[in-house]
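Novice: Take a look at this one; I'll ask things after.
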Amino acid sequence: MSRMCPKCKREIDENIKFCPFCAAFTGDKNDEKKKSRIGVIVGSIAGAAVIGGAAVAVFAFDIFGIFENESETLYGSGEKLFNMSLSPAKSGDKWGYIGKDGKFKIEPQFDCAYQFDENVNGNAAVSNESGYGFINDKGEFTVEPRFRLASYYSDNGFSAVTDNDGYMLYVDSKGRTVYDEKHFTYAQPFESGAPYTFAYTVMTQDAKDDKGETVGDITDEYYLLSADGKTVTGLPDRMGIDCVFGEYYVGFTKNVNEGSNDFTKRSYAVFSADGEQKSEWCDRIFVTDELVLMCRTDNETRIYRAAMYDRELNKLSDEYYCDRNPEFADSGLVLIKRDGERFRKVLVNKNEGKLDEVYTATDGTDIISTFDRSGIACVYENGLYCGYTVGGKVFECDYAFTAFNSGLAPYYDNAKIGYINAGGEVVINAQYDAVSEFYADGYAYVLANGEYSIIDTTGQTVAGNLSFAPTKLVNSGINHGWYTPKDFDGAEYYENAINYGTLAVKTDSGNADYFDKKYVNKLVYATDGNEVKENSELMKGYGEFEDGYAILDKNGYYLVDSRVNVIPIPSDGTDKLYTTKYAYEYFYGVVGSGSKDPLAMTDVNRNTITLSDYDGVYSGNDCLFLSNSNSENLYHNRYRVYNGRLYRPLTIETNNYLGFNGNTKHTAMLSCTYYGTVDMSNDICRVIDSETGECLLSYKQDGGSLEYMNEYFICISRDGMSDYSDADGNTYLEKSGNEYYTVYGKRIGVFISASACDDKLLAVTDNGKFRVYSRYGELLGEYGYACMNEKSQYIVIERDGKYICLDRRMNEVFDSKYPFDPPVNGYAAYADIKSGKIGYLNMTGEVVIPAFTEIAADFSADGYARVAEYRTPDESEEAGRFTDEVLIDTSGKTAYESKNTAVGANGFAYDGEYFKTVYSFAGGYEYFINYCKENKEQLKLNSYSNIMQYCHLKNDGSITDYAGNEPYQFAVMNKKSKFSADMYRMYDGTPIVYIYRSRTNNEVTSSYYGLDGKEIKFDRYGDNGISLDGYFWQEIQDEETGRKKLYIYDTDGSEKFNVTAPEYYHYASAKEDGGYVFAFRYRYDPDTELPPKVYNNLVADAYSSDGKLIAQCENASPFATGAVEGNKDEIRFVCRTEDEKYEERIYSVSKGEFISTKQVEIGDYVYA
């Protein structure tokens, strides 16, 4: 449907709130959103006015906020950046308040400062050395600083603050405590217009243990608080509150996970304010601005089956699924619908008491986000990002974008962020490292080169040289998003670049044992490479300048900002440092050995949040795991999981001992040991939902392990070996396949290997096929070749002789005749198999840097790649392989050189980078085969030292290239390896991989593979007793004559010829030399099949390559017998004479006779 713009009279979509032609406001005058504390603001997006063919951003519309009798033009909805014409700003280490001219109106003097609230009491929370208090717009304290933490006032006039004892309470505008001065462990701030909120207090109460004795039991006592500041209603024992909406709250209680031996999880139901239960118990309940989702875990898919209700609890639908932790925006929902064996995302909108399906994703499309406050959702369609309203598509563009406000939305391009307008046109070019959504008054915060600034809707800087953004403050209550590149769909996954303005990260590569050493990152000056703090280590996991700071470790800890200010963190050098991210901020906490003090987590603005008492603390990826065992009741332990937050943790009660093994964004992996009579040696590893405690996957660790692959997939890896029976019933001790699951517990299958890249799993089957699975465990495709890179969103497959790049929705992006790796940061490394060199393609498949180097890495986000040439170390160098590294830019020009670097030692490391060689690419082995054939006289591939120039044999016998990568065709072959693998050459130089392994009865057997990864099968008698020395050879007893026969096989396992030995002779060995085949046999005792006691030397038979017998010689030495070098007509036999000496006999093939004989020393041949 469409309507007419009231200003320019053009036809526009009826569902957008701004005209894309003249930017006139066309939406409703009432803002029904209650999340914002600024009730008078009405918002949506503006468009672009087209003037003279050029798109010019126009945003103002006639909605006014009133402040001090001045009219103020607002551009969007939500909070303003300048309240009371002031905005908090950090300069150096202190906060003050600036005006719209960028100048400080209240000078920097505070440790932290929050927004003024012009709609409640005109106060702002600030802190100094005395704590937090509240000031007016003159900078005068209205509430003296005495709190540990404070934030904003809700519209009922109350602020949730933290007292100096770590407890929370509510105060009014005079700083007086309400609710009869009641203190809480946690107090939830009031939402705008909400009649209720909640709080809880950790209590110790009497309980009976399993022996009936009274012990102290720790529990959380929850309260429902009314907005009058007086009424506090306690909930029944072991009941809690998850959230409050209108006159209802979502309550939870603790149940036991099935089969977990008292391992608690939460169950949820909706209650009215008077405590009446209004819904059935569910596994999870989500509440949005419009809808209530009541969810139960689907046993097959392990995601939620969702029943949809409006906020008055009228049922709308029960046909959809949803993720276990969906993301919600201002309106509408992204749900999941089953389509046979596939899952399809559906964009739905609540409309007059029912759900309308606005868009259903198909192959090649995806729904990125639901409707923002401007009514626009982001949909991906075949390479383009499209803006959709409830009425359909309104624009499309090349860039991923997030939420619109004030007419603009952040967009991502090549590791930088800018802003587009409602027509999908770029208004502010991508140039920032992080940005905020625009505020209602048309301003936004941006971060570039470690410096924060405020810009307006034209991109002009209003205030610069700032040290932080108030948007990111943990208690700000601001609901305008903060975005870094990794928050955008399709962004590359290098979370850090090489350079951070004046700083860079360099890796200590002093240890050449690069397969085992974990390299240490150093923070250096980008200009000269000198370390910021000598011999200190850069700690991963604390921002790394995402928020302008990093942490160094050198006998203690130090904060370093992007301007190279080094700030000591109080520590004695033996303390343990824990870090986590909460909201948009990073926090750190230091704990001494054996300490049981409350854990205090601090941010760079000196805000401190104190966590509960604990016996042990463990940290993961933005996660803290605290244990608190009950010394009085061994069978009732308590654990808290703070996953991405520092308030309201998940509490687990159990009679087990739990250990923390890691986490993802929404799950945690715990080891569980049972107390009592249960054998404690058999631990159970469990993956739980870190929001609810529900057990998603369990595994008894009896020789294997449960491991996260990434945020979406889990691998159960066996102990490495297991009994395996082949088709003939032979049992081997062999590498088993690993078992793979989604992170929510859906089993995908058992594969010999798999890799997880973003939300896709690439698995290799027993027959060498490559399968791609989605995060829900659905099969998306099977291919003869596929490749993924954990730092790329792309997949490379081979089809019809071409290599094709697919995006994460399986759309074809480009193809090339060259094999290439998945693109990273806009460039794909490719291999020219003919030359054995590597170059780079762009995102159209065009060669932009021709193949020129032997070793290469992917490009970083800031446009650099490491390349290198292999060289052999000299005698003074201990490393087995060295390179001379070069850092190149996107034009291929040299930016920096580093000599004498061990291969694999990331001299210019960034997260997850790895070297690749030509053998890392599809078909790369062909270059090696050709190289070996062309250089067959020089290469001795049965020498371990020679092998190391081309490949690496790992301790488990598997083979990688010399940079440590497993060529894709080796996946099946490496599975067969046990104890050892080696490499040999055929007569024509073709390299062959030899693998030997042990049966469970300790009998050793062997297999041979070509470098295409395919096992070589032999024509007649299988691989039993096959040996290789130029040709494959095998001795078999003739069933008719009983005599021994020698079979000679070619490179592919086909028979070349066979010969029969005289009676009572065995074949001892055979070899190829100079185009001839030499067979060595010895006489044996027919009764024992052993050589007689009087040893007879071997008889050497020389054959042509087609099996014609040329010459024979008795008492020959196999070491010295062979073709005469440089003379294809002559064959040399070295044999032992009767007087125990050795002589050399030369046989002429053309003459058919021996032509010379001389006495020799055997050592001249054996050791030459």
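Novice: So which residues in the stretch 349-368 are crowded, with 19+ Cβ neighbours inside 10 Å and free of Cβ contacts under 8 Å to residues at least 40 places away in the same chain, if there are any at all?
Specialist: Val358, Tyr359, Ala361, Ile367
Novice: May I pose another question? Of all residues in the stretch 759-783, count the ones that are out of contact with any Asp or Glu (no Cβ under 6 Å at 6 or more places or on another chain) and either farther than 23 Å from Asp298 by Cβ or free of Cβ contacts under 8 Å to residues at least 60 places away in the same chain (or both).
Specialist: 17
Novice: Applying the selection to the stretch 371-385, what residues are within 26 Å of Val813 (Cβ to Cβ) and touching a residue at least 24 places away in the same chain (Cβ under 8 Å)? Break it down stepwise before answering.
Specialist: First, pick out the residues of the stretch 371-385 that are within 26 Å of Val813 (Cβ to Cβ): 376-385.
Within the stretch 371-385, Ile376, Ala377, Cys378, Val379, Tyr380, Asn382, Gly383, Tyr385 meet the criteria.
Novice: Tell me, please, whether a residue that is surrounded by fewer than 18 Cβ atoms within 10 Å (Cβ to Cβ), among the β-branched types (Val, Ile, Thr), out of contact with any helix residue (DSSP H, G or I) (no Cβ under 9 Å at 6 or more places or on another chain) and at pLDDT 90 or above can be found in the stretch 1026-1040. Before the answer, list the steps.
Specialist: Initial filter on the stretch 1026-1040 (surrounded by fewer than 18 Cβ atoms within 10 Å (Cβ to Cβ)): 1027, 1036-1040.
Those left that are additionally among the β-branched types (Val, Ile, Thr): 1036.
Imposing the further condition that a residue be out of contact with any helix residue (DSSP H, G or I) (no Cβ under 9 Å at 6 or more places or on another chain) reduces the set to 1036.
Of the ones still in play, those that are also at pLDDT 90 or above are 1036.
Yes, the conditions are met somewhere in the stretch 1026-1040.
Novice: For the stretch 577-606, give me each residue that is more than 16 Å from Val641 (Cα to Cα) and more than 30 Å from the chain's Cα centre (by Cα).
Specialist: Gly592, Ser593, Gly594, Ser595, Lys596, Asp597, Arg606, listed by residue number.
Novice: Right, something else. Output the residue which, of all residues in the stretch 448-461 that are touching a Leu at 6+ places or on another chain (Cβ under 9 Å) and part of a strand (DSSP E or B), is nearest to Met84 (Cα to Cα).
Specialist: Of all residues in the stretch 448-461, those touching a Leu at 6+ places or on another chain (Cβ under 9 Å) come to 450-454, 457.
Next, only the ones that are part of a strand (DSSP E or B) stay: 451-454.
On the way: Glu451: 25, Tyr452: 22, Ser453: 20, Ile454: 17 Å.
Ranking the qualifying residues of the stretch 448-461, first place goes to Ile454.
Novice: Can you confirm whether Leu313 is surrounded by fewer than 19 Cβ atoms within 10 Å (Cβ to Cβ), touching a strand residue (DSSP E or B) at 6+ places or on another chain (Cβ under 7 Å), modelled with pLDDT of 95 or more and more than 22 Å from Ser77 (Cβ to Cβ)? If you could, list the steps in order and put the result at the bottom.
Specialist: Working: surrounded by fewer than 19 Cβ atoms within 10 Å (Cβ to Cβ): yes; touching a strand residue (DSSP E or B) at 6+ places or on another chain (Cβ under 7 Å): yes; modelled with pLDDT of 95 or more: yes; more than 22 Å from Ser77 (Cβ to Cβ): yes.
Yes, satisfied.
Novice: Output the residues belonging to the stretch 440-481 that are in contact with a strand residue (DSSP E or B) (Cβ under 7 Å, 6 or more places away or on another chain) and polar (S, T, N, Q).
Specialist: Selection gives Ser453, Thr457, Thr458, Thr461, Asn465, Ser467, Thr471, Asn475.
Novice: How many residues are surrounded by 23 or more Cβ atoms within 10 Å (Cβ to Cβ) and touching a residue at least 40 places away in the same chain (Cβ under 8 Å) when one looks only at the stretch 99-120?
Specialist: Number satisfying all stated conditions: 6.
Novice: Every residue in the stretch 347-389 that is under 25 Å from the mean Cα position of the chain (by Cα), closer than 24 Å to Leu316 by Cα and either among the polar types (S, T, N, Q) or assigned to a loop (DSSP other than H, G, I, E, B) (or both), please.
Specialist: Ala361, Ile368, Ser369, Thr370
Novice: Please find, among Arg775, Arg771, the residue that is crowded, with 21+ Cβ neighbours inside 10 Å, at pLDDT 90 or above and more than 24 Å from Ile684 (Cα to Cα). Let's see the steps before the verdict.
Specialist: Working: Arg771 fails: crowded, with 21+ Cβ neighbours inside 10 Å.
Every option except Arg775 fails the conditions.
Novice: Do you know which of the residues in the stretch 234-284 that are among the acidic types (Asp, Glu) and over 36 Å from the mean Cα position of the chain (by Cα) is farthest from Thr654 (Cα to Cα)?
Specialist: Step one: of the stretch 234-284, the residues among the acidic types (Asp, Glu) are 237, 242, 247, 258, 262, 274, 276, 280, 283.
With over 36 Å from the mean Cα position of the chain (by Cα) added as a condition, the list becomes 237, 247, 274, 276, 280.
Numbers: Asp237: 17, Glu247: 34, Asp274: 31, Glu276: 29, Glu280: 25 Å.
For the stretch 234-284, the residue satisfying everything is Glu247.
Novice: Please name all residue pairs, on different chains or six or more residues apart, with Cβ atoms under 6 Å, provided the first residue is in the stretch 966-988 and is under 16 Å from Glu1015 (Cβ atoms) and among the β-branched types (Val, Ile, Thr) and the second residue is at pLDDT 70 or above and assigned to a loop (DSSP other than H, G, I, E, B).
Specialist: The qualifying pairs are Val972/Gly768; Val972/Gly1013.
Novice: Please go through the stretch 797-814 and give me each residue that is free of Cβ contacts under 8 Å to residues at least 40 places away in the same chain and surrounded by 16 or more Cβ atoms within 10 Å (Cβ to Cβ), ordered by number. Before the answer, list the steps.
Specialist: Residues of the stretch 797-814 free of Cβ contacts under 8 Å to residues at least 40 places away in the same chain: 797, 799-802, 804, 806, 812, 814.
Passing the criteria: Ile797, Ile804, Leu806, Phe814.
Novice: A further question on this structure: If I filter the stretch 1124-1137 for residues that are among the small types (Gly, Ala, Ser) and part of a strand (DSSP E or B), do I get at least one hit?
Specialist: So in the stretch 1124-1137, the residues among the small types (Gly, Ala, Ser) come out as 1126.
From what's left, part of a strand (DSSP E or B): none.
The answer is no; no qualifying residue exists.
Novice: Keeping to the stretch 284-311, report how many residues are touching a residue at least 40 places away in the same chain (Cβ under 8 Å), out of contact with any Lys or Arg (no Cβ under 9 Å at 6 or more places or on another chain) and in a loop (DSSP other than H, G, I, E, B).
Specialist: So the answer is 1.
Novice: Scan the stretch 906-921 and tell me whether some residue there is among the hydrophobic types (A, V, I, L, M, F, W, C), within 30 Å of Asp988 (Cβ to Cβ) and modelled with pLDDT under 85. Reasoning before the result, please.
Specialist: First pass over the stretch 906-921, keeping only residues among the hydrophobic types (A, V, I, L, M, F, W, C): 908-909, 915, 918, 921.
Next cut, within 30 Å of Asp988 (Cβ to Cβ) only: 918, 921.
Right, trim to modelled with pLDDT under 85 and you get none.
No - not one qualifying residue is present in the stretch 906-921.
Novice: Is it true that Ala861 is small (Gly, Ala, Ser) and either more than 23 Å from Glu790 (Cα to Cα) or not assigned by TED's automatic domain parsing to the domain that holds Asp889 (or both)?
Specialist: Values: small (Gly, Ala, Ser): yes; either more than 23 Å from Glu790 (Cα to Cα) or not assigned by TED's automatic domain parsing to the domain that holds Asp889 (or both): no.
It is false that Ala861 is small (Gly, Ala, Ser) and either more than 23 Å from Glu790 (Cα to Cα) or not assigned by TED's automatic domain parsing to the domain that holds Asp889 (or both).
Novice: Moving on to the next point. Starting from residues that are at pLDDT 90 or above and assigned to a loop (DSSP other than H, G, I, E, B), keep the ones in the stretch 726-768 and report whichever is nearest to Ile368 (Cα to Cα).
Specialist: Asp759
Novice: A follow-up question, please. Where the second residue is in a strand (DSSP E or B) and of a type in the set (Val, Ile, Thr) and the first is over 23 Å from Lys1141 (Cβ atoms) and lies in the stretch 1105-1126, which pairs have Cβ atoms under 9 Å and are six or more apart or on separate chains?
Specialist: Ser1105/Ile1048; Ser1105/Val1077; Gly1107/Ile1048; Gly1107/Val1059; Gly1107/Val1077; Leu1109/Val1059; Ile1110/Ile1131; Ala1123/Ile1131
Novice: Next question. Are any residues in the stretch 1055-1080 farther than 23 Å from Glu1040 by Cβ and of a type in the set (S, T, N, Q), and if so, which ones?
Specialist: The answer is Ser1069, and nothing else.
Novice: Give the residue, chosen from Asp441, Asp456, Asp433, that is within 20 Å of Val564 (Cβ to Cβ) and either among the acidic types (Asp, Glu) or buried (at least 24 other Cβ atoms within 10 Å of the Cβ) (or both). Break it down into steps so the answer makes sense when it comes.
Specialist: On the way: Asp441 fails: within 20 Å of Val564 (Cβ to Cβ); Asp456 fails: within 20 Å of Val564 (Cβ to Cβ).
Going through Asp441, Asp456, Asp433 in turn, just one is within 20 Å of Val564 (Cβ to Cβ) and either among the acidic types (Asp, Glu) or buried (at least 24 other Cβ atoms within 10 Å of the Cβ) (or both): Asp433.
Novice: Could we say that Gly96 is farther than 30 Å from Tyr223 by Cβ and at pLDDT below 95 here?
Specialist: Values: farther than 30 Å from Tyr223 by Cβ: yes; at pLDDT below 95: no.
The answer is no for Gly96.
The values are calculated or read from the model by the stated rules, or taken from the named source; none is laboratory data. This is a predicted model, so every value here is computed, not measured. All Cβ positions, glycine included, derive from the backbone under ideal geometry; neighbour counts span all protein chains shown.
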